[in-house]
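Everything on this sheet refers to the single structure shown next.
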Amino acid sequence: MQPVNDAIAAAHQNGRNGKGVALFFSSGNENDSLGPIWPASRAETIAVGATNMCDSRKAPGDCSGENWGADHGVGLDFSAPGVRIPSTDMRGLKGYINGDYYNSFNGTSAACPNAAAVGA
């Protein structure tokens, strides 16, 4: 874990020739109110949670009909859409599904790239 912490700190401080880098990480999908999981919990990172299609925090039993929730609490910076996000897939039988597109990418792992794209 320490090598990753060191790399995060170095990128935050020294990336882009000393200008620093915005580091986006997923908060986690355990519905925990104690805050984001590591490494999103680090001060140098931007912790991203997930919202549902009703524009509220993704929680078990919400309008999505899915039984998971985004980690939230102290340390969460913001949230982005994270339920049934369309994504590309590897072509053919080597992909996650049998096709080129996947229409059900879920979780803070789906929300984080959305947030990073806006940040870029």
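The values are calculated or read from the model by the stated rules, or taken from the named source; none is laboratory data. Just so it is clear, the model here is predicted, and its values are computed rather than measured. Glycine gets a Cβ as well: all are built from the backbone with ideal geometry, and neighbour counts include every protein chain shown. Note: areas computed on protein heavy atoms with side chains; ligands, DNA, RNA excluded. Shrake-Rupley method; radii C 1.70, N 1.55, O 1.52, S 1.80 Å.
So, for the chain, what is the accessible surface per residue at a probe of 1.4 Å, expressed in square angstrom? All intermediate terms of the calculation are to be shown ahead of the outcome.
Numbers: 7120 Å² over 120 residues.
I get 59 Å² per residue for this part.
What's the magnitude of the charge dipole for the chain around its Cα centre, counting Lys and Arg as +1 and Asp and Glu as -1 at the beta-carbon? Answer in Debye, nearest 20.
Working: 8 positive and 11 negative charges, 73 e Å.
So the dipole magnitude of the chain works out to roughly 360 debye.
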Taking Cα atoms, the helix 108-119 axis meets the longest principal axis of the chain at an angle in degrees (rounded to 10) of 60
Low-density loop trypsin sites (Lys or Arg not before Pro), the stretch 1-66, at most 13 other Cβ within 10 Å, DSSP non-H/G/I/E/B, are 19
If one compares the long axis through the Cα atoms of helix 2-18 with the longest principal axis of the Cα atoms of the chain, the angle in degrees, nearest 10, works out at 70
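So, counting K/R as plus one and D/E as minus one, what does the shell of residues with Cβ under 15 Å around residue 41 add up to?
Working: positive: 42; negative: 30, 32, 44, 71, 77.
Net charge around residue 41: -4.
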Within the chain, cysteines having no neighbouring cysteine beta carbon under 4.7 Å are 112
Along the dipole axis of the chain (charges at Cβ: +1 for Lys and Arg, -1 for Asp and Glu; origin at the Cα centre), the most positive-end residue among 51, 27, 5 is 5
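Per DSSP H run of at least 4 residues, take -39500 (n - 2.57); add these up for the chain, divide by its residues and hand me the 222 nm value, nearest 500 deg cm²/dmol. Before the final figure, lay out each step's value.
Numbers: 2 runs with 29 residues, N = 120.
Here the helix-only value at 222 nm equals -8000 deg cm²/dmol.
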